[in-house]
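A.B. asks: Have a look at this one.
Just so it is clear, none of the values below were taken in a lab; they were calculated from the coordinates. Computed from a predicted structure; not experimentally measured. Please note: Cβ atoms are built from the backbone with ideal geometry, for glycine as well, and neighbour counts cover all protein chains shown.
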Amino acid sequence: MSFADKIKGYNWDTVKSAILAKTADDVRRALYTDIRTYNDLLALLSPAAEPFIEDMAQQAHRTTLRRFGKIIQMYAPLYVSNKCSNSCLYCGFNRTNKIDRKTLTEKEVMQEAETIYNSGFRHILLVSGEAPKDVPVSYFCRIAQSLKIFFSSISIEIYPMDTEEYKSLIKSGVDGLTVYQETYNRTTYRQVHPAGKKRDYKWRLMTPDRGGIAGFRRINIGALLGLSDWRVEGAFTGLHAIYLMRKYWQSLISISFPRLRPATGGYEPDYPVNDSALAQLICAFRLLLPDAGLVISTREPELLRNNLMPLGITQMSAGSRTSPGGYSLEAHADNQFEISDIRSPEDVARMITSSGYEPVWKDWDKAFLEG
Ligand code: SF4
């Protein structure tokens with residue numbers, strides 16, 4: 001059964017009612033059971049769990065230590081193009097926004113990559129708007145072949161592709177796929193994606209499946225927090241993660257928690273997510289999925305990132321630029337959104353070390369596979 005089939009059995013309003021109906025006893029059961037179910041996730045996401053947030057944090061912390069130890073894997077995004085054929089209301093790259101657009105040449109990509117490499121990173125995330133004509137699959141294959149000499153892990157956060165295209169990227173050296181559903185609420189999805197290929201909810205929903213079939217080693221999913229009710233988004237993201245972990249057990253499934261940030265266009269989230277809700281969400285995911293990677297980016301402010309880290313985070317970006325050319329080119333283009341944590345990679349690494357954790361710049365090498 002595909003995830004598109006599976007999700008048909010879950011109605012948004014019914015899931016929301018189930019979350020709101022959870023009691024303190026349900027939360028206690030979810031907290032102190034050995035094996036947690038999807039139903040336990042609903043309890044941990046519920047308003048009834050709010051008085052238990054400290055207990056959740058302690059358990060999430062202990063679970064992460066047991067499974068991962070005290071390590072944080074570092075990565076940096078490299079934006080290669082801000083051209084886009086879609087018009088997502090919340091995004092600075094929306095095709096209707098009058099911004100400076102740019103697609104990096106392969107030489108410029110390498111110049112940006114060199115700056116990132118010199119900051120210590122060996123895991124890189126290639127990001128672009130959805131503009132297959134400007135950045136076709138062949139473009140990504142070529143730059144991956146050049147980048148793999150320097151980076152031990154290359155992930156992509158670009159437009160959804162078909163399985164064969166993903167296979168050609170993997171062959172060129174890409175090992176990770178990031179794709180956020182943005183919102184699992186179909187009505188909201190249609191509202192915030194008024195034009196372009198991205199209007200196709202099902203095509204996007206099935207992207208992690210196509211990535212799993214193609215054989216990506218890492219698959220990262222998430223919902224863009226602020227578009228709809230975060231508790232229900234969490235429930236659907238959890239459902240998706242459980243499904244992917246069972247079906248594509250060879251891939252490491254991770255979850256990101258991107259909150260909407262100010263961007264050109266001035267979109268205001270209808271469902272703002274406060275810091276306490278974000279912490280509850282992260283703890284709930286760690287308790288449900290002890291083996292999942294949990295990612296927090298520079299969208300979040302410095303102090304909050306420091307405090308969220310011990311709750312279950314395994315991957316952090318640092319020193320990010322969200323515009324093509326933002327690391328090293330004088331004439332860089334406009335950004336996708338404003339980042340919040342503006343610390344340098346060295347400063348973030350120092351914070352991680354002083355918290356008793358170890359920043360890991362490289363935890364994987366393709367030579368493992370070749371060997
Ligand atoms: S979110 Fe992605 S697809 Fe939508 S406008 Fe921005 S870059 Fe384009």
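A.B. asks: Whole Å is fine, so just give me how far the alpha carbon centre of the stretch 279-310 lies from that of the stretch 146-208.
C.D. replies: If we compute the Cα centre of each part, the gap is 22 Å.
A.B. asks: Oh, and also: Report the normalised scattering of the stretch 48-150 as log10 I(q)/I(0) at q = 0.24 Å⁻¹, calculated by the Debye formula with identical scatterers on the alpha carbons.
C.D. replies: The Cα Debye sum returns log10 ratios of -1.23.
A.B. asks: Taking the Cβ of each residue in Leu303, Leu44, Leu287, Leu177 as the centre, tally the other Cβ atoms inside 10 Å and list the residues starting with the fewest.
C.D. replies: In increasing order of surrounding Cβ atoms, one gets Leu303, Leu287, Leu177, Leu44.
A.B. asks: Principal axis lengths of the chain from Cα atoms, whole Å, largest first?
C.D. replies: Projected onto the principal axes, the Cα atoms of the chain cover 59, 45, 41 Å.
A.B. asks: For the chain, take the longest principal axis of its alpha carbons; what is the angle in degrees between that and the long axis of helix 275-288, to the nearest 10 within 0 to 90?
C.D. replies: Helix 275-288 sits at roughly 80 degrees to that axis.
A.B. asks: Once the convex hull of the C-alpha atoms of the stretch 15-104 is built, how many Å³ does it hold per residue, rounded to a whole number?
C.D. replies: 180
A.B. asks: Which loop trypsin sites (Lys or Arg not before Pro) in the stretch 60-128, with loop taken from DSSP, have no more than 16 other Cβ atoms within 10 angstrom of their Cβ?
C.D. replies: In loop regions of the stretch 60-128 (DSSP not H, G, I, E or B), the sparsely surrounded trypsin sites (Lys or Arg not before Pro) are Lys70, Lys98.
A.B. asks: What's the extension gain from Lys167 to Thr353 if we count 0.36 nm per residue and subtract their Cα-Cα distance?
C.D. replies: Taking Lys167 through Thr353 to full extension adds about 63.2 nm, to one decimal.
A.B. asks: At what distance in nm do the modelled label points of Glu302 and Glu346 sit from each other, each positioned 7 Å from its Cα along Cα→Cβ?
C.D. replies: Computed distance between label sites Glu302 and Glu346 equals 1.5 nm.
A.B. asks: Moving on to the next point. For a protection proxy built on the mean count of beta-carbon atoms within 10 angstrom, sort 30-38, 178-186 highest first, please.
C.D. replies: The most tightly packed comes first, giving 178-186, 30-38.
A.B. asks: Rounded to whole Hz and in sequence order, give me ³J(HN,Hα) for the stretch 70-81 from the Karplus expression 6.51 cos²θ - 1.76 cosθ + 1.60, θ = phi - 60°, writing x for Gly and Pro.
C.D. replies: Karplus-based 3J(HN,Hα) across the stretch 70-81 equals 9, 10, 10, 7, 9, 8, 9, x, 10, 7, 9, 7 Hz.
A.B. asks: Let me ask something additional. Using the structure shown, list the pairs from Lys107/Lys362; Lys167/Lys198; Lys133/Lys167; Lys98/Lys171; Lys16/Lys202 with a Cα-Cα distance above 27 Å, or answer none.
C.D. replies: Too far apart for the 27 Å limit: Lys98/Lys171.
A.B. asks: Antiparallel DSSP bridges in the stretch 3-370: what percent, to the nearest 5?
C.D. replies: Rounded to the nearest five, the antiparallel share is 5 percent.
A.B. asks: If we sort 145-155, 223-233, 240-250 on the protection proxy, mean other Cβ atoms within 10 Å, highest first, what's the order?
C.D. replies: 223-233, 145-155, 240-250
A.B. asks: Return the distance in nm (one decimal) between the two label points of a simple spin-label model at Ala4 and Asp291, each offset 7 Å from Cα along Cα→Cβ.
C.D. replies: So the label points at Ala4 and Asp291 sit 2.8 nm apart.
A.B. asks: Which of the listed residues, Ala235, Ile116, Val127, is farthest toward the dipole's positive end in the stretch 103-245, when Lys, Arg count +1 and Asp, Glu count -1 at the beta-carbon?
C.D. replies: It is Ala235.
A.B. asks: Just rank Cys88, Cys141, fewest to most, by other beta-carbon atoms within 10 angstrom.
C.D. replies: Cys141, Cys88
A.B. asks: Measure nothing but the geometry: give the 0 to 90° angle between the long axis through the Cα atoms of 53-68 and the longest principal axis through the Cα atoms of the chain, rounded to 10°.
C.D. replies: Here the helix axis deviates by roughly 50 degrees.
A.B. asks: Something else: Within a 10 angstrom radius of the beta carbon, how do Glu54, Glu157 rank from fewest other beta carbons to most?
C.D. replies: Fewest to most other Cβ atoms nearby, the residues stand as Glu54, Glu157.
A.B. asks: Another one. I'd like the chymotrypsin sites (Phe, Trp or Tyr not before Pro) in the stretch 274-371 restricted to DSSP loop residues with at most 11 other Cβ atoms within 10 Å, sorted by number.
C.D. replies: Of the chymotrypsin sites (Phe, Trp or Tyr not before Pro), not one in the loops of the stretch 274-371 has a Cβ with at most 11 other Cβ atoms within 10 Å.
A.B. asks: A further question on this structure: Straight distance only, please: which aspartates and glutamates reach the Cα of Lys83 with their own Cα at less than 17 Å, same-chain residues fewer than 8 apart left out?
C.D. replies: Asp100, Glu106, Glu108, Glu130, Asp134, Glu157, Asp334
A.B. asks: Round to the nearest 10 and give me the degree value, 0 to 90, for the angle of helix 230-247's Cα axis relative to the longest principal axis of the chain.
C.D. replies: Value to nearest ten degrees: 70.
A.B. asks: Another question about this same structure. Can you tell me the dipole magnitude for the chain around its Cα centre, using point charges on the Cβ only (Lys, Arg +1; Asp, Glu -1), in Debye to the nearest 20?
C.D. replies: 800
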